[in-house]
Every structure is written in structure tokens, then in C-alpha cells.
Amino acid sequence: MDKTTTMSAKDQRQVLKRLLRYTAPHKKSIFIAFFLLALTTIGDVLGPYLVKVFIDDYLTPRNFPYEPLVWLAAGYIGIQIANVLISYFQLLKFQEIALKIIQQLRVDVFSKVQDLGMRYFDKTPAGGIVSRVTNDTEAIKDMFVSVLVSFIQGSFLFVGIFTAMFILNVKLAVFCLFILPVLFMIIKTYRKYSSIFYHDLRERLSQLNAKLSESLQGMAIIQVFRQERRLRDEFGDINEKHYKAGMRNIKIDGLLLRPAIDLVYISALILVLSYFGISSFSNPIEIGVLYAFINYLDRFFEPVNNIMMRLSMFQQAIVASSRVFTLLDESEESPAQAKGSTWKIADAEIEFRDITFSYDGQKDVLKNISFTAKPGETVALVGHTGSGKSSIINLLMRFYEYERGDILIDGQSIKEYPMDELRNRIGLVLQDPFLFYGTVKDNIKLHASDMSDDEVEAAAEFVQAHTFIEKLPDSYSHKVVERGSTLSSGQRQLIAFARTIATNPKILVLDEATANIDTETEDAIQQALAKMRKGRTTIAIAHRLSTIQDADCILVLHQGEIVERGNHQELLTQKGLYHKMYLLQNGLVEGIEDAVNS
């Protein structure tokens, strides 16, 4: 087991202390809840004491005065009824506080995920992140709703019960105090081992979520390549490890929870009975005191059992909290915003100046990249897979921070622009467009409140998407399900184009934007793109060279370097890598052989 799966007692205290900070905004509600809890504790302690008074003062001497007994009975019944009502409102208040805390914690976690840099998502499975936002916060909620309430109730009751015991019989109460160190050792031992086991259990659950998420996202590929059995085996292996981790928890729970506490309770009961039995040889037994002590022992061990049964939930919550706080403390955030900057993109001239970049800090994926895209020009990026085309786009969009070289827009480093200005002025269209749950209209305007329905339709008409949208059930109000799976790839791409045009960007970034569109649709898109590029600086990634032949400049990348540059005709004349790619895509085999031999 990895050393990182252990949490020291100090670590657990720090996690709990940090978790309790979320209670600060709810001080008034907490005060009310504690006040109600104090009232129920008083009621729990008074009940057995009133029975003790009845036994010793009235039942044993066979003295039954009417009025005192009526008051005694009325007081006992009144206390029990009041306790039920107060307990209800007290529990309601504690749960209200807990739910509000978890609501805020989930908002914090989700907001943090939005601010994380792309490097974090590159190295972290999506299922693991989902597990922290859902499963781990749910475990924390259970702790606030059930565990902490039980701990607090138990603490109040312990104080009340031992106070009553000392009032009844000091010597016997002192004897009963010796059970506290035993209980403390049991709890300490349980927490020591369960912390390790529950951390492992949460990690296995996170791996299950990650594998399930991966399988659902790649289901088509899994079925096409007949990988069902392999994925079942991999999932089964992780599931088996999760089962074994769960069994370890069950074993320690079974040993140190109820059985151990029951053994201590029986020992305490024997102690009380032995004390009264021995005392009876010299003094008369006070049956009421005996009853009260046994009743108090029952009431004492009831919250102890509740606490022990919930210690497993507590350990799960502490481990879950540490995982959530690890995410909240993640330093891999999005590139820093320029504070106080008021720079605006005007002409949209783009310059890459000697950019060298690495994702992992070891292997450079871009090496000394330099080029300029004048206002209104189209610069195309071509090259084999892994040549660095998408990395150039990632840096321009500031998905990643670069450290060597600089990228300038209108002569100013992009690091100096406010992120909102940069993202608002650059329109990005990806090869695989992402559509959100909602309507077609929502996906075009992305909930921009200042965009009218007429502007949405105008954007759709511009990219020739209006016709097919009108034919959809409910037209622009047509419901889009997960990632737009009920729409064709061409329709999804057209909606993505409309979304980009609707923002009226000054810079266009097209990452294989027409790769998934049929020839007929592509012709329409190319016409729209031609209009769309007018007056806008465009950076386009393309595998199909036919789509970028009219580009002002084509950059040919190979292993992170620009090896050729020029327009279509100039690059063909050079008879280099671009020439070979062109011949290959046009099926000119003889030309390829000549080019290779040349």
C-alpha cells in the first residue's frame, strides 16, 4: 500500500479543523441547535432520576401521597414529550446546517475545477475528479448530518450522566470513570487502522469511477475493436480490489465496534451490581439508586455505540475531506490573469516570437517557433500527428503557460491582456465540437443575456445552419442531449460555427474545423468561412490540404519545428515535406516515389 494512503492523527485533526471552518457562517443556527441539545440532555438525565425518587421515596416505603405522585408523574411525562419535540427541532437544525455546509463545499470544489489549468486534467482521470465532487462530498455530508451530531449529543450526555452519577453515589461514579480510558484506547486503535483502510477504499472507488467513465466515453471504440472482455477483466480486477478493501473495513468494524463496546458495557454492569451486592452486607440497598445507575449506564453506552458505529463514517469523511482539500489546494491553476490591465485587441496581428514549450518540463513539443499573422491574414498549420500544431493553438488560447519566448497580439504580450478580452476576441472551433445540455439556441448563444433571438438566427444563417435547424422538432428550442449525440457530426459542427460567429471575434482559430463534415456540407462551410475570414486574422489547423490552399501563409511543422513556410504554390515548388503530403493526399503514387527519391 502506498505511504500516501496513511493519515496521522495530526493530519486528521488538521483536516477536521479545516472542515469545521465551514461552520463559521452558521454561528446563530449552531447556537440554537446547541441550546436545544442542552435541553434534551437535561431531559434525558432527569428521567431516570425522577424514577429513582419514586422508587426510594414512595415505592420502597410504600408511601403513596396523591398530590406529590401526580406532580411526579406529570413531570416525568411532560419531560418525555418535551424531549421528543425538542429532539425533532434540534435534529432538524443540525441537518439544515450540515446541508448548507455541503452546499457551499460543493460550490467551492466545482469552482476550483473551473479554475484548474489544463495540465491538471491531462494527468488526472475525469472519473477521479467526478468522484471527489460527488462521492467524497456526499461522505462529508453524512459526517455532518449523522456523525458530528452523534458526537456532540454523546458529549453532552456524558457530562450530564456523570454529573447525575456523582450526585447519586460519588464512590461508584469514580469506579465508572475507569471505563473511559478503555473506551479511549478502543477508539484510538480503531481510528489508527481504519484511516489506512478507508483511504484505500476511497481510492479504489475513485478508480472504479475513472474506469467506468473511460468505458462510457469510448464505448463505440470498445465495441468496434471487440475490447469488451478486456474492459470487463480490467473493471473486474479493480472491483475485486475494492471488495477486498471493503472486507478489511468490515473486519475491523466487526472487531472494534459493537463487540468491544458490549464487552466494556457488560464489565461496567458487573461492577455496578457487584458494588451494590457487596454494599448490601453492611447497608440497605437503595433500589432507586441501583435502577438509576443501570439506566444511566444504558443511556451512557447507547451514544457510545452510536459513536462507534459512526466512527467508520467519520473515517470515510476525514479521508474524503483530505481528497477534496487536496483538490482545493491544487496549485496547477489556469495561467494568471493580468491584474488591472485594460488592453484591448484592435488590429489582431499575431506574432509568435521564439516560442519553446514543454508539457512535462522535460521534452519540448515546440522548438523556437516564430511567425507573424498580419491583420486579416490566414495562417495555416500543417504537419503529421504530434508535430505541434495543437500546442500552438493551446498557447495562443492560454490553456497552458509558456516560459520561453513570447506570443504577442498587436505588439503586446498575451499575458498582459485580461483573460476575458483574450477569450472573447478569439473564436475557437474544434474538430470535435462540444455541445451542452439545453436547446440549440442555448448552445449558440451560450446563455449570453445580451444576444437576441434575431442575432442567434443571423449567426445560424451565416454558416448555413438555419435550414436544418428549422427542420428540427421545436426548431431553435430543440433539446440537445449529452454532447449533441442525436445530431450528425456535420450538424454539431455547424452549430459550433454559429456559436463562434455569434460572438463576432477578431481572431479565428480553426482546429480541423471541417474534418468531420461531408463534402456537400463542407462546400457550404468553406463559403461561409471565406466570408467569415474577411477582416479577421485566422489560424487554421488542417490535415486535408485542399481546405487551406488559399491561405496567405502555410507553416509546415515537423517534430515541433517549422521546417517549411510559404503559400501553397511556393511550398509545392520547394518539393519538400508539404509537396510529399500533397502528392499523398491526391493519390499521386508515382509523384510520391519521385519526391522520395529526389
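Computed from label points 7 Å out along Cα-Cβ, the spacing between ARG544 and GLN527 is 1.6 nm. For the stretch 146-201, the calculated P(r) over all alpha carbon pairs, in 5 Å bins from 0 to the bin holding the longest distance, is 4, 16, 15, 21, 18, 11, 7, 4, 2, 1 percent. Give the aspartates and glutamates whose C-alpha is closer than 20 Å to that of LYS441, dropping any in the same chain fewer than 8 places away, or say none. Filter leaves ASP432, ASP450, ASP453, ASP454, GLU455, GLU457, GLU461, GLU470, ASP474, GLU482.
Under 5 Å from the amide H of VAL365 lie the amide H atoms of PHE357, SER358, TYR359, each residue being 5 or more positions distant or on a separate chain, with H modelled from the backbone and absent for Pro and chain starts. Beyond 42 Å, the tail of the calculated P(r) for the chain holds 47 percent of the Cα pairs.
Taken over the C-alpha atoms, the stretch 11-328 has Rg and Dmax values of 25.7, 90 angstrom. Taken about its Cα centre, the stretch 11-328 carries a charge dipole of roughly 1100 debye when the Cβ of each Lys and Arg holds +1 and the Cβ of each Asp and Glu holds -1. In the chain, helices alone account for a calculated mean residue ellipticity at 222 nm of -20000 deg cm²/dmol, with every DSSP H run of four or more residues adding -39,500 (n - 2.57). Note on the chain: antiparallel DSSP beta bridges, both residues inside, total approximately 55 percent of the bridges counted. Think of the chain as a dipole: +1 on every Lys or Arg Cβ, -1 on every Asp or Glu Cβ, centred on the Cα centre; then among TYR476, ILE101, VAL556, ILE101 lies furthest on the positive end. When the alpha carbon gyration tensor of the stretch 399-485 is reduced to an equivalent ellipsoid, its three semi-axes come out at 33, 15, 12 angstrom, largest first. Spin-label pair TYR243-LEU177: with each label point 7 Å from Cα along the Cα-Cβ axis, the two points sit 5.1 nm from one another. Along its first, second and third principal axes, ordered by size, the stretch 7-125 spans 82, 29, 23 Å in Cα coordinates. Along its principal axes, the stretch 128-262 has C-alpha extents of 78, 25, 17 angstrom, given from the largest down.
Near the amide H of ALA540, within less than 5 Å, lie the amide hydrogens of VAL379, ALA380, LEU381, LEU510, all on another chain or at least 5 residues away, with H placed in the peptide plane. Straight-line cross-link partners of LYS171 among the lysines, defined as a Cα under 24 Å from its Cα and at least 8 positions apart when in the same chain: LYS52.
With the alpha-carbon atoms of the stretch 229-388 aligned to their principal axes, the span from lowest to highest coordinate is 107, 52, 25 Å, starting with the largest. Would you work out which of GLY43, VAL170, LEU422 lies farthest towards the positive end of the dipole of the chain? Charges go on Cβ: Lys and Arg +1, Asp and Glu -1. So the residue furthest toward the plus end is VAL170. With viscosity 1.567 mPa s and temperature 4 °C, the Kirkwood radius over alpha carbon pairs of the stretch 185-289 converts through Stokes-Einstein to a diffusion coefficient of 71 µm²/s.
Only Lys, Arg, Asp and Glu carry charge here, each on its Cβ (+1 for the first two, -1 for the last two); on that basis the chain has a dipole of about 2400 debye about its Cα centre.
Taking a straight line from the alpha carbon of LYS10, these lysines sit under 17 Å away, with near neighbours fewer than eight places off in the same chain left out: LYS188, LYS192. Applying 1/(1 + (r/R0)^6) with r as the Cβ-Cβ distance of LEU269 and THR124 and R0 = 51 angstrom yields a FRET efficiency of 0.45. Helix 27-53 and the longest principal axis of the C-alpha atoms of the chain enclose an angle of approximately 20°. For the stretch 126-214, the Cβ-based charge dipole about the Cα centre amounts to some 280 debye (Lys, Arg positive; Asp, Glu negative; other atoms uncharged). For the residue pairs LYS123/LYS415; LYS123/LYS367; LYS93/LYS251; LYS389/LYS445, the C-alpha atoms sit more than 30 angstrom apart in LYS93/LYS251.
Coordinate-derived values only; no laboratory data. A quick note: this is a predicted structure, and the numbers were derived from the prediction, not measured. Cβ sites come from the backbone with ideal geometry, for glycine too, and all protein chains shown count toward neighbours.
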